[in-house]
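Okay, so here's the structure we're looking at.
The values are calculated or read from the model by the stated rules, or taken from the named source; none is laboratory data. Worth saying up front: this structure is predicted, and the values here are computed from it rather than measured. Here the Cβ positions follow ideal geometry from the backbone for every residue, glycine too, while neighbour counts run over all protein chains shown.
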Amino acid sequence: MCIRILLVDDHSIIRQGLRVLLEKKPKFEVVGEAENGRVALSMARKLEPDVIVMDINMPDLNGVDAARQILAERPESRIIALSMYSDRSYVKGMLKAGVAGYLLKNCAFDELTKAILAVAGNQTYLSPKVSDIVRKEFVKLMDAGELGVAEALTDKEREVLQMIAEGKKTKDIAERLHISVKTVEARRGKIMEKLRINSVAGLTKFAIREGLTSVEI
């Protein structure tokens, strides 16, 4: 039986390169490609992949929130974070979201193959460069139920926060999420209240610091 794989990355050249390499493996079948987290969520529902190889920093809906939402709907899917970042905030965010693997983009293709086979077999695979001590710390925090400020936001609020940080206007956010302008404004107010931040610039800085977006300011 083939392992059905969904590739998620906002760079088409990376997705195409991975597809070419993965499809050379007899046990692998690439069933789709997505350019951001929101498209990945839709494709995961439709294609029901076994393994999702996902970047973290993507526009519209980042990998952390996409992983959380996908696993809430399809807990049987196994997600591997494939990122250029090994920072604590990125690793912490993806592990808390429930991913089964975390690899750095400079890894060898053989390591990605090994990771896919491992997570498909219900195992966890972390890049050797991702410290085991850090992993244990994150697991301990999860077991203790400790939540950071960002986790106090709902999924819908996090979506709005990311779009605000990416410079999208209230009307555009409303159209993208199929909600009213008043609803967007209400969620923005709730976000500011929870985070105790009173400006868009402050929200943007917070979103970048927490790894919700890669927008530079």
Pick out the one residue from R45, R68 that is in the same structural domain as T113 (by TED's automatic domain parsing), closer than 18 Å to L95 by Cα, out of contact with any Asp or Glu (no Cβ under 6 Å at 6 or more places or on another chain) and charged (D, E, K, R).
-> R68
Inside segment 102-117, can you point out the residues that are within 13 Å of K27 (Cα to Cα) and not basic (K, R)?
-> T113, I116, L117
Go through (1) within 17 Å of the chain's Cα centre (by Cα); (2) at negative phi and name the single condition E23 misses.
-> (1)
Of all residues in segment 91-111, which are part of a helix (DSSP H, G or I) and in contact with a helix residue (DSSP H, G or I) (Cβ under 8 Å, 6 or more places away or on another chain)?
-> V91, K92, G93, M94, L95, K96, A97, F109
Would you call I56 buried (at least 24 other Cβ atoms within 10 Å of the Cβ), modelled with pLDDT under 95 and within 11 Å of the chain's Cα centre (by Cα)?
-> yes
Single match in E33, E23, E76, E111 (criterion: charged (D, E, K, R) and at pLDDT 95 or above) = E33
Could you give me the residue pairs with C-beta distances under 8 Å whose first residue belongs to segment 176-191 and is in contact (Cβ under 8 Å) with a residue 60 or more places away in the chain and part of a helix (DSSP H, G or I), whose second residue is of a type in the set (A, V, I, L, M, F, W, C) and surrounded by 13 or more Cβ atoms within 10 Å (Cβ to Cβ) wherever it lies, and which are 6+ apart or on separate chains?
-> R176/M163
For strands (runs of 3 or more DSSP E) lying entirely in segment 1-90, having 3 or more residues that are within 16 Å of L212 (Cα to Cα) picks out 78-83
